[in-house]
Structure formats: C-alpha cells, structure tokens
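Inspection log for the structure reproduced underneath, given as structure tokens.
The values are calculated or read from the model by the stated rules, or taken from the named source; none is laboratory data. All values reported here derive from a predicted model rather than from experimental measurement. No Cβ is skipped: glycine too gets one built from the backbone with ideal geometry, and neighbour counts run over all protein chains shown. Ligands, DNA and RNA are excluded from the accessible area calculation, which covers all protein heavy atoms including side chains. Shrake-Rupley method; radii C 1.70, N 1.55, O 1.52, S 1.80 Å.
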Amino acid sequence: MLLEGKTALVTGASRGIGKAIAVKMASEGACAILVGRKMDTLKTVEAEIRQKGGNADCYVCDVRDWKSVTNMVAEIIKKHEKIDILVNNAGISKEMPFLEMPIEVFDEICEMNLRSVMLMMKAVMPYMAERKSGNVVNIGSGAALRGLPGSAAYATAKAGVVCLTQAVGDEVRPLGIRVNVICPGPVDTELFQKSERREFILQAGGDLFQPETVANAAVFLASDLSEGMNSQTLVMRGFNRW
Ligand code: NDP
C-alpha cells in the first residue's frame, strides 16, 4: 500500500483520468475525495471504490469558483482533518481554428484549465504548509510541450500549468510540499473520443493510453516512490512531436 492513511483530493473524479486516479489511489490505501460538478456520477465512483474495499467521499464543486473551492476545502478539513494529496485533473477542451476562436473561448479554456489549478493550490496549500507535508500532482498535457494546432487556448493553458508547477513547486519546497505535473499524450476518455483532433493525433504516431496508465504515474508522483522529485514534468508519450 503506497498511500496508506493519506487523504487524496482528486478533481474531475467522475470519469476518465480523474476517476482512474481516484480508484487507483483508493486501492493503494488512500481515502479518495472525489470532486466534480454532479453528485450522482461521483456517488457511482464512490460505490465502485467501496465495493473494492476502499474508502471515498464526494464533494460537488465547480473548481472555477473561488468561493465554492474555499468552502469545499474548509468542509473537507473539518471532516477529514487534512489533505495530503491534491490532484488537479479537471479540465475541458474546445477545438477550433485560432482565427475563428472567439476571445471568450480563450478565456473559458484558460479559466478552467489553468486558473482553477491556481485556485485549488491556493486553497489547499496553506493546510499542507501547516503540517509541513503535502503533495500536488497537476495534470497537464502533451499539448503543453508542443502547441497543438486547433487547440491554441488549450495548449496555452496547459503550458501555463507546467510553469505554475515549476514556480510554485520551487516556492513551497521548504514548506514540505512537492508539486509535479504529468503531461500525457492521448488518453482514451470521453474528452479524447469527442476530439476533432483524434485522427490527426493518432496518425502523428500517438499511442493511445488507458486512463489507468496515467493513474499509475499519479500514484508514483504522490507516493514516496518519487521522493525528492519536485517541480518536474513527467511526460507520458509514445512519440515526441505532433
Ligand atoms: P473527461 O472529460 O473525461 O473528464 C473531465 C472531468 O472533469 C469530469 O469528471 C468532469 O466532471 C470534470 N469537470 C469538468 N469541468 C469541471 C468543473 N468546472 N469543476 C469541477 N469538475 C469539472 O476528461 P479526461 O479524463 O480526458 O481529462 C482529464 C484531464 O486530463 C484534463 O485536465 C485533460 O485536459 C487532461 N488530458 C487529457 C488527455 C486525453 O487525451 N484525454 C490528454 C492529456 C491531458 P463534471 O462534468 O461532472 O463536473
């Protein structure tokens, strides 16, 4: 058990990569705190975890909203006393040519994929700092490392997550907190299956990962297996360009 006794908050835990991370962390002994916007889907994941003998709890929260985020974190601390692991996974994608992209879409994608990560870290890290212990795993994207045509806003926001990880990771290291980011290539989830870039990405040589493969990397970063690793980008790709 790599995460015995840990409390692990996972955003976007109702499906896809976030669900796989929550299930895997619970199977490694963590209490998985499932966060998303719909209680019914979160409850389904909680039931799956409990059926496998794990422990989980659910919180409805829109991670774009500072008030909802701070209220939720306060509630979690009141009930669970601590948050050892924070996985910032919730994200969205909207694809369109840059010249056709309304400015509002750029703002929406950055608000969801970058600003929400900043909000979650600002809300959770003070509690981690108090205990001089914490571990943050952010989910970036291969698109952060080489801007994906048709996804300018998404790629830009994800590149921001990589830089945020590095800057904040360096700052909070003396407080006993580690921050790392995973940049996966294509992963077989609803987000990817709905993507208009699907064929383009796969033709470019992208191996399609299963969400469980990303979950293994998240457990590695969240556990002592990766002791000493901080402010780093773990790239999960079977190829090196689009
Ligand atoms: P999915 O669309 O399958 O799942 C997204 C999750 O985020 C859902 O649980 C959704 O739940 C939640 N979510 C969306 N908006 C909000 C919000 N405002 N507040 C709280 N939760 C929210 O996506 P994936 O599993 O594919 O992606 C997960 C992460 O991995 C994302 O950050 C994505 O960018 C990244 N990624 C994905 C890749 C892929 O190919 N799939 C590749 C590289 C990175 P609900 O709607 O119920 O709130």
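Descriptive notes on the structure:
- For segment 70-147 versus segment 166-242, the gap between their alpha-carbon centres in whole angstrom: 14
- Local net charge near Ser68, Cβ-Cβ under 11 Å (Lys/Arg +1, Asp/Glu -1): 0
- Helix axis angle, 16-27 relative to the chain longest principal axis, alpha carbon, degrees: 30
- Of all DSSP bridge pairs formed entirely within segment 4-119, close to 0 percent run antiparallel.
- For segment 57-194, the calculated P(r), taken from all Cα-Cα distances in 5 Å bins from zero up to the bin holding the longest distance, is 2, 10, 19, 21, 19, 14, 9, 5, 2, 0 percent.
- Cα long-axis angle, helix 152-172 against the chain (0 to 90 degrees, to the nearest 10): 40
- Sum of -39500 (n - 2.57) over DSSP H runs of 4+, divided by residues of the chain (222 nm, nearest 500): -13500 deg cm²/dmol
- Rel. contact order, % - alpha carbon contacts under 8 angstrom, at least six apart, segment 9-156: 22
- Solvent-accessible surface (1.4 angstrom probe) belonging to Ile103, in square angstrom, nearest 10: 120
- Fraction of accessible area attributable to carbon and sulfur, segment 1-127 (%, probe 1.4 Å): 54
- Heavy-atom accessible area ranking, 1.4 Å probe, most first, across Tyr127, Tyr154: Tyr127, Tyr154
- Placing +1 on the Cβ of every Lys and Arg and -1 on the Cβ of every Asp and Glu, with nothing else charged, gives segment 122-224 a dipole about its Cα centre of roughly 300 debye.
- Accessible carbon and sulfur surface of segment 145-227 relative to its total accessible area, %, 1.4 Å: 50
- Descending principal axes extents, segment 1-85, alpha-carbon based, whole Å: 34, 25, 18
- Note on the chain: with charges restricted to the Cβ of Lys and Arg (+1) and Asp and Glu (-1), its dipole about the Cα centre is near 200 debye.
- The Cβ shell under 13 Å around Met101 holds other residues with a net charge of -4, Lys and Arg each +1, Asp and Glu each -1.
- Cα-based Kirkwood hydrodynamic radius, the chain, one decimal, Å: 17.8
- Of Lys79/Lys194; Lys6/Lys52; Lys52/Lys158; Lys52/Lys122; Lys43/Lys82; Lys24/Lys82, pairs whose Cα-Cα distance is over 29 Å: Lys79/Lys194; Lys52/Lys158; Lys52/Lys122
- Net charge contributed by nearby residues that have their C-beta within less than 11 Å of Ala153 (K/R +1, D/E -1): -3
- Remark: segment 80-124 carries 48 Å² of accessible area per residue (probe radius 1.4 Å; ligands, DNA and RNA excluded).
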